[in-house]
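Asker: First the structure, then my questions, so here it is.
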Amino acid sequence: MSSIDSRRTGRRQLLKGAGALATAGIIGTPAIVKGQSGAIKIGVPTILSGRVAVLGQTSVGGLKVVFDKVNEAGGINGRKIELVVRDSKGAPQEAAKVTRDLINNDGCQIIIDAEASSGAFAVQEVIREIGVLCIHSNSETSSLTADPKLHVPTAFRTARQGIHDAIGGGDYAAKVAKAKGLKKWATCSPDYAYGRSNTAEFMEYAKHFDGNIQVVEESWPKLFQPDYTEVVTKVLNAKADAMYSALWGGDLVAFIDQANLYGLFDKQASFMVNLGDYGVVDQVKQFPQGVYSGGRYNRTVPPTKENEEWYQNYVKTQKHKPTNWSWENDVAAQMVVEALKKTNGDTNGKKLAEVIKGMTIKTQFGVGGSVTMRAEDNTLVNYIIGYGLSLSKEPFIADFQTSPWEPIYELEKQWKKKQGYA
Amino acid sequence: MDLDALMRCVGTTSCIVTQLTSGMIIGMLLFLIASGVTLIFGVLNVINFAHGSLYMIGAYAAWTFYQLTGSYFVSALGAAVAVGVLGVLFERFLMSKVYGSNVLMQLLVCYAVVLISDDLIKIIWGPVSLSMGMPVEFRLPPLRFFGGVVPPFYIFMIVAAMAIGLLLWLVIARTRFGNIVRAAAVNGPMVSALGIRVNLYYAAVFGIGSALAGAAGALAAPVRSLTPGMGFSILIESFIVTVIGGMGSIVGAFVASIIIGLTRSFGSIGFPLFVDGVMFLIMALVLIFKPSGLFGRPHNK
């Protein structure tokens with residue numbers, strides 16, 4: 001009898017153990033609890049392969065510059081920061097899977113989401129379920145943080161935001177349009193959340209500042225589309241005075257290479273918000289003349305000693321040039337470090353979120369030397385925004401005009417009301 | 001749908017010329033790849049799912065040769081030959097082991113090659129995209145015909161693809177080599193019984209098909225950014241072309257490539273959000289009304 005009883009007990013224990021294991025696997029708690037001692041593990045889902053691998057490469061570079069320095073100085077309360085980077089290959093479902101794996105299997109307590117917008121929305125939903133601190137460091141799609149329906153209390157954005165660039169860029173474009181008589185516009189942007197919203201917002205504000213502007217043609221090539229021939233000829237046939245494009249990274253390089261064959265840039269003025277980045281200007285073999293670009297990252301913007309030193313240090317330590325994503329991730333890393341210092345290394349998502357909300361840090365990437373995580377919608381403000389004329393050689397951008405933030409705040413409020421966000 | 005824009009386009013010669021040539025450019029690159037797929041299928045009765053990887057390797061090889069020699073023509077030729085040789089090795093050491101096997105086994109072998117080649121590309125050339133840029137010989141202003149715009153490099157691309165296609169057809173249809181290959185496609189054991197080493201011909205056919213993919217990669221390299229995995233999307237389109245044209249038919253691949261090229265070109269104006277849908281619709285219609293494809297024979301093996 002006793003042997004039977006003990007066997008029954010053993011089976012019960014086994015069932016209990018299996019139940020506990022299953023529950024732990026689902027909610028992922030053990031990994032988070034375990035992480036409160038030892039290294040602070042920060043998971044980074046990003047794109048490390050394919051045409052926009054430069055996004056992942058330079059994002060990780062931006063994070064390493066900050067975290068390596070912190071680790072060299074002894075870490076946070078003696079705990080080192082460990083980055084765990086995973087490749088999502090630019091696929092949204094993979095971004096969500098990788099993020100879950102980083103938290104549940106790799107034991108990451110914080111996520112810095114260095115995905116493009118295509119993956120960031122998927123990551124946001126994972127964070128909503130699990131509740132760790134997440135900083136979206138690359139996604140610029142406005143709705144990610146502007147739309148209250150998408151709001152997640154522990155998720156923030158240190159990436160620039162499309163609506164901010166659109167207002168600043170729209171103002172700049174309208175001034176050029178008035179001076180040069182650019183009335184008929186064509187657009188050519190990637191067919192996903194970022195491309196659609198960024199382009200709509202830019203043209204909305206270009207028209208806001210210059211009522212004569214009208215969009216006569218729209219093209220929406222797919223993200224990572226290999227061949228742009230039919231898109232180029234479509235824009236060409238529109239015979240527009242100007243073109244706006246939100247293509248980026250390797251997609252933009254391929255588009256420029258193919259558009260050059262048709263002399264597209266000789267026939268119209270072009271505004272490309274993402275052209276002025278080192279990862280792009282270095283790749284374009286026949287650089288088009290007279291193209292206007294938004295401010296991404298440039299060692300001369302702002303023309304300060306701190307910025308030049310940051311650039312030199314980045315190139316020296318990471319062995320490649322920084323991009324827009326590098327500074328956005330640098331800011332993300334700095335905010336995480338500041339928050340961890342304030343919580344004494346506690347990685348609880350809610351506690352970290354409370355500290356980061358409204359946080360202002362000093363950085364050369366901000367107007368006047370600082371940027372703020374706006375408490376109202378968990379998004380970064382006061383970073384440098386502007387437009388200039390792209391050049392094929394150093395400094396790659398000329399006549400850069402910084403956009404003032406006051407009109408941006410004002411118009412952003414109106415935009416939010418119109419969208420039903422406020 | 002913007003059929004008004006499409007009507008406006010077909011009402012102006014400049015738009016027709018630009019879109020026609022644009023369709024030919026898209027089509028001819030597809031033709032080079034699809035003709036390799038269809039040739040290999042027609043003779044060996046295997047579907048080479050790794051054909052996109054050979055296109056990718058061709059593009060990277062052309063980029064490397066261009067860095068070394070500075071000559072685009074040498075680079076393109078070198079890439080085609082290199083990928084052709086690689087194709088022969090692929091056939092001898094891998095594909096020949098699964099002839100006659102279940103199609104799933106062939107798919108598995110090809111998929112393994114796709115994954116391995118993608119990772120090797122990352123290791124050798126890095127994960128970040130590369131750009132060859134337009135060779136100096138073709139850095140010329142676009143030509144104008146009836147108001148339409150045609151880049152000189154694309155004229156070269158169309159002519160080169162057509163010439164390669166014509167040469168391929170002549171070799172298959174008019175030479176002793178072609179006769180043996182066609183005979184082997186119908187009844188390999190019988191050809192073998194005549195004292196001909198059929199295996200060598202199989203390897204040669206696979207090599208030629210691979211060289212076509214390499215040539216396509218080399219022609220695409222100046223205008224497309226090079227990335228690991230770049231062969232996947234074009235492989236899908238080349239399969240659509242192969243199915244529409246008829247498995248095993250080079251003429252069919254040519255016609256179907258032009259159909260797909262023009263669909264993409266004019267579709268971008270008239271139905272930009274449904275171009276892929278129309279391509280698949282054409283394929284579905286062909287499968288319903290002529291399952292063997294436009295130029296395919298119902299039982300060619």
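The values are calculated or read from the model by the stated rules, or taken from the named source; none is laboratory data. All of these numbers come straight from a predicted model, not from anything done at the bench. Glycine also receives a Cβ, built like all others from the backbone with ideal geometry; neighbour counts cover every protein chain displayed.
Listed here are the residues, each with its yes/no results for (1) assigned to a loop (DSSP other than H, G, I, E, B); (2) touching a Phe, Trp or Tyr at 6+ places or on another chain (Cβ under 6 Å); (3) closer than 28 Å to B:PRO135 by Cβ.
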{"position": "B:GLY178", "(1), (2), (3)": "no, no, no"}
{"position": "B:ASN187", "(1), (2), (3)": "no, no, no"}
{"position": "B:PRO222", "(1), (2), (3)": "yes, no, yes"}
{"position": "B:SER233", "(1), (2), (3)": "no, no, yes"}
{"position": "B:GLY248", "(1), (2), (3)": "yes, yes, no"}
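Asker: Further question: Within segment A:260-274, is there a residue that is surrounded by fewer than 24 Cβ atoms within 10 Å (Cβ to Cβ), touching a residue at least 60 places away in the same chain (Cβ under 8 Å), within 21 Å of A:PRO288 (Cα to Cα) and within 14 Å of chain B (Cβ to nearest Cβ)?
Answerer: Yes.
Asker: Scan segment B:121-135 for residues that are more than 8 Å from every other protein chain (Cβ to nearest Cβ) and either of a type in the set (Lys, Arg) or over 16 Å from B:GLN67 (Cα atoms) (or both) and jot them down.
Answerer: Those that are more than 8 Å from every other protein chain (Cβ to nearest Cβ) and either of a type in the set (Lys, Arg) or over 16 Å from B:GLN67 (Cα atoms) (or both): B:ILE121, B:ILE123.
Asker: Still on this model: Considering only residues of segment B:136-167 that are within 11 Å of chain A (Cβ to nearest Cβ) and part of a loop (DSSP other than H, G, I, E, B), which is modelled with the lowest pLDDT?
Answerer: B:GLY147
Asker: Restricting attention to segment B:83-96, and to residues there that are in contact (Cβ under 8 Å) with a residue 12 or more places away in the chain and surrounded by fewer than 21 Cβ atoms within 10 Å (Cβ to Cβ), which single residue is nearest to A:ALA259 (Cα to Cα)?
Answerer: B:VAL85
For (1) more than 30 Å from B:PRO189 (Cα to Cα); (2) not aromatic (Phe, Trp, Tyr), each residue gets a yes or a no:
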residue	(1), (2)
B:GLY58	yes, yes
B:VAL103	no, yes
B:GLN106	no, yes
B:TYR111	no, no
B:VAL114	yes, yes
B:LEU120	yes, yes
B:GLY126	yes, yes
B:LEU130	yes, yes
B:PRO142	yes, yes
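Asker: Which residue is farthest from A:THR347 (Cα to Cα), if the candidates are limited to segment A:154-175 and must be part of a loop (DSSP other than H, G, I, E, B) and touching a helix residue (DSSP H, G or I) at 6+ places or on another chain (Cβ under 6 Å)?
Answerer: Of everything passing the filter in segment A:154-175, A:ALA159 is farthest from A:THR347 (Cα to Cα).
Asker: Here are A:GLN13, A:GLN57: which of them is part of a helix (DSSP H, G or I), closer than 24 Å to A:ASN313 by Cα and either at pLDDT below 95 or touching a Pro at 6+ places or on another chain (Cβ under 9 Å) (or both)?
Answerer: Going through A:GLN13, A:GLN57 in turn, just one is part of a helix (DSSP H, G or I), closer than 24 Å to A:ASN313 by Cα and either at pLDDT below 95 or touching a Pro at 6+ places or on another chain (Cβ under 9 Å) (or both): A:GLN57.
Asker: Kindly list the number of the only condition in (1) more than 14 Å from chain A (Cβ to nearest Cβ); (2) within 17 Å of the chain's Cα centre (by Cα) that fails for B:ARG224.
Answerer: (1)
Asker: Could I ask something else about it? Being farther than 22 Å from A:ASN198 by Cα and free of Cβ contacts under 8 Å to residues at least 12 places away in the same chain, is that true of even one residue in segment A:109-125?
Answerer: no
Asker: For segment B:108-127, name all the residues that are in a loop (DSSP other than H, G, I, E, B) and touching a residue at least 24 places away in the same chain (Cβ under 8 Å).
Answerer: Of segment B:108-127, the ones in a loop (DSSP other than H, G, I, E, B) are B:126-127.
Hit for segment B:108-127 is B:PRO127, nothing else.
Asker: To continue, here is another question. On the basis of being assigned to a loop (DSSP other than H, G, I, E, B) and either buried (at least 22 other Cβ atoms within 10 Å of the Cβ) or without any contact (Cβ under 8 Å) to a residue 40 or more places away in the chain (or both), does A:GLU376 make the cut?
Answerer: Spelling it out, A:GLU376 is indeed assigned to a loop (DSSP other than H, G, I, E, B) and either buried (at least 22 other Cβ atoms within 10 Å of the Cβ) or without any contact (Cβ under 8 Å) to a residue 40 or more places away in the chain (or both).
Asker: Here is a further query. Is there a residue in segment A:233-240 that is over 19 Å from A:ALA177 (Cβ atoms), in contact with a Gly (Cβ under 8 Å, 6 or more places away or on another chain) and either facing another protein chain (nearest Cβ under 8 Å) or at pLDDT 90 or above (or both)?
Answerer: Step one: filter segment A:233-240 for residues over 19 Å from A:ALA177 (Cβ atoms), giving A:233-234, A:236-237.
Within this subset, residues satisfying the condition of being in contact with a Gly (Cβ under 8 Å, 6 or more places away or on another chain) are none.
Taking every residue of segment A:233-240 in turn, none turns out to be over 19 Å from A:ALA177 (Cβ atoms), in contact with a Gly (Cβ under 8 Å, 6 or more places away or on another chain) and either facing another protein chain (nearest Cβ under 8 Å) or at pLDDT 90 or above (or both).
Asker: Let me ask something else. Just to check your reading of the model, which residue among B:GLY214, B:GLY207, B:GLY195 is outside any helix (DSSP H, G or I), more than 14 Å from chain A (Cβ to nearest Cβ) and farther than 30 Å from B:GLY277 by Cβ? Don't jump to the end; show me each part of the working.
Answerer: Working: B:GLY214 fails: outside any helix (DSSP H, G or I); B:GLY207 fails: outside any helix (DSSP H, G or I).
One residue alone meets the criteria, B:GLY195.
Asker: Let me ask you something else. Can you tell which of B:SER249, B:SER257 is buried (at least 24 other Cβ atoms within 10 Å of the Cβ) and over 25 Å from B:TRP63 (Cβ atoms)?
Answerer: Values: B:SER257 fails: over 25 Å from B:TRP63 (Cβ atoms).
Exactly one of B:SER249, B:SER257 is buried (at least 24 other Cβ atoms within 10 Å of the Cβ) and over 25 Å from B:TRP63 (Cβ atoms), namely B:SER249.
Asker: Residues that are aromatic (Phe, Trp, Tyr), away from chain A (no Cβ under 14 Å) and farther than 21 Å from B:ILE240 by Cα: find the helices (runs of 4 or more DSSP H) completely inside segment B:1-84 holding 1 or more of those.
Answerer: Per the criteria, B:51-69.
Asker: Determine which single condition B:SER233 fails, assuming it passes every other condition in (1) surrounded by fewer than 20 Cβ atoms within 10 Å (Cβ to Cβ); (2) more than 14 Å from chain A (Cβ to nearest Cβ).
Answerer: Among (1) surrounded by fewer than 20 Cβ atoms within 10 Å (Cβ to Cβ); (2) more than 14 Å from chain A (Cβ to nearest Cβ), B:SER233 violates only (2).
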